[in-house]
Each structure stands twice: as C-alpha cells, then as structure tokens.
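Shown next, in structure tokens, is the structure this report addresses.
Each reported figure results from applying straightforward, stated rules to the coordinates on display, with no laboratory input. Note that this is a predicted model, so its numbers are computed, not measured.
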Amino acid sequence: MLMNLETQRLILRNLRENDLADFLEYRSDPEVCEFQSYEPFSEAEAERYIKNLENGEFGEAGKWIQLGIELKAENKLIGDIGLKPEGHETRIVEFGISLSRNYQKRGFAAEALTEVFDLLFGKVGIHRITATVDASNFGCIRMLENMKFRREAEFIKSFWQSGMWRDEYLYAILEEEWKSK
Ligand SMILES: CC(C)(COP(=O)(O)OP(=O)(O)OC[C@H]1O[C@@H](n2cnc3c(N)ncnc32)[C@H](O)[C@@H]1OP(=O)(O)O)[C@@H](O)C(=O)NCCC(=O)NCCS
C-alpha cells in the first residue's frame, strides 16, 4: 500500500531524490542519530538509501518503509517515519521516527504519527504497534507516553551503540487502546 497522507501542517509521503539535502540535514546529525540504530549517513549512503525506498509500499512482512515528513509551509523534508509489519505477523507493526533538530518540540512527531496510526488502526486492520527505545532517550519516551503507549519490557545492555552496551524499553499500544484514547 502506497501511503500519501496530509495533516494540518504536514504531508507524509515516500522519500524522493530531491529530498537529499534535507534528508542529510538530520540523518547526518550525530545528535539526531545518538539513540538510533543507524550511524550518521554520508551523502553517498543517503543517495542509495533514498533510491532504494522511493517506490516502497507498506505491507510486506519484515520489510521497512520510510515515510518522509514534509513541512507544508516550507516545502521541506523535516524527518521520516519507519514502519515495518513483523515477519511472523503483519498485523503487528514496529515504527521508528527521526525529526530534524530544529523541528523537534513543536508537536510535528505527534501530529504525523497520529495520522499514520489512525490509518493503520482505523482502515488497515493493524492490531498492535510497537517501538523499541533507548532507555536514555527521554524525548522519545515522553512522546510515546504522551501518545499513551505502554512500557512492556526492559532489556538490559541489549543494544550496542556509540561504543557501549545500552538498555532499551519496548513500548506498545493496541488497536482498542488507540481508539478509546
Ligand atoms: C523522538 C522525537 C521524534 C520526538 O519529537 P518531538 O518533536 O519532541 O515530539 P512531539 O511532536 O511529541 O513534540 C511534543 C513536544 O512539543 C511541544 N509542542 C510545541 N508546540 C506544539 C504543538 N503545536 N502541538 C503539540 N505539541 C507541541 C509539546 O508541548 C511537547 O513538549 P513536552 O513533551 O515538553 O510537553 C525527536 O526527539 C527526535 O527525532 N529525536 C531523535 C531521533 C530519535 O531518537 N528517535 C526515536 C527513535 S524511536
């Protein structure tokens, strides 16, 4: 399924070749990448990454897509949302999100994710959405808890990042919980 969504301030759509400079602005920023599973991107890596995902459609078991977050007022890509139906059960979806530093703390993450989750739970028949977050990523933990995700598990020294083992939390929300919010 190709996703094209619009909110009051944002357009959510596949990444495009001409997003490269905006994409690099946040995906090469060590602060944005600090808690992520990816390292800061080089220009060549970013170019390849966007090309691979350009025509990506949501729905295949175990396959990530990336939805670009475009700020309408500036015609600018300010972040992206990764979505992956689980390999063993496509009604369970894992997500991740990155926002450019200058566009954080303005409610864009919540605005974009609310639109995506309304679609996944409301029309696509998704049962459960999960996110794994570094236990020190307070911005992301706050965002998840604001959206009423539940902390379900804590993994100790489960993730190698920036030269050390880190702890992680698993967060989740069910369709019925999202709809009754
Ligand atoms: C995680 C991340 C996406 C959260 O972004 P964010 O912009 O802080 O999240 P939100 O959209 O929920 O913004 C909410 C904050 O903006 C504030 N805000 C300002 N204007 C707002 C508006 N118009 N509407 C809603 N909130 C607004 C809210 O009060 C809230 O602040 P608070 O938590 O102090 O109350 C961002 O920190 C990020 O990209 N981090 C780096 C990458 C990363 O670690 N990703 C997580 C991996 S899963």
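So here's what we get for this one:
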item: For region 168-181, 3J(HN,Hα) per residue [Karplus equation, 6.51 cos²θ - 1.76 cosθ + 1.60, θ = phi - 60°, Hz, x = Gly/Pro]; result: 9, 10, 9, 10, 8, 9, 9, 3, 5, 6, 4, 6, 8, 5
item: Under 5 Å, built H, 5+ apart or other chain: amide partners of Asn14; result: Gly68
item: Over region 1-52, relative contact order from alpha-carbon pairs under 8 Å, at least 6 apart, %; result: 31
item: Note, ³J(HN,Hα) from phi for region 25-32, Karplus 6.51, -1.76, 1.60, rounded to Hz, x at Gly and Pro; result: 3, 9, 6, 10, 8, x, 5, 5
item: Radius of gyration and maximum dimension Dmax of region 5-179, Cα, Å; result: 15.5, 43
item: Set Lys84/Lys123; Lys72/Lys148; Lys105/Lys157; Lys76/Lys105 screened for pairs whose C-alpha atoms are more than 25 Å apart; result: Lys72/Lys148; Lys105/Lys157
item: Placed amide H near Phe155: partners under 5 Å, 5+ positions off or other chain; result: Glu168, Tyr169, Leu170
item: Alpha-carbon centroids, region 72-97 and region 1-52: separation in whole Å; result: 11
item: The chain, relative contact order in percent, only Cα pairs under 8 angstrom and at least six apart counted; result: 18
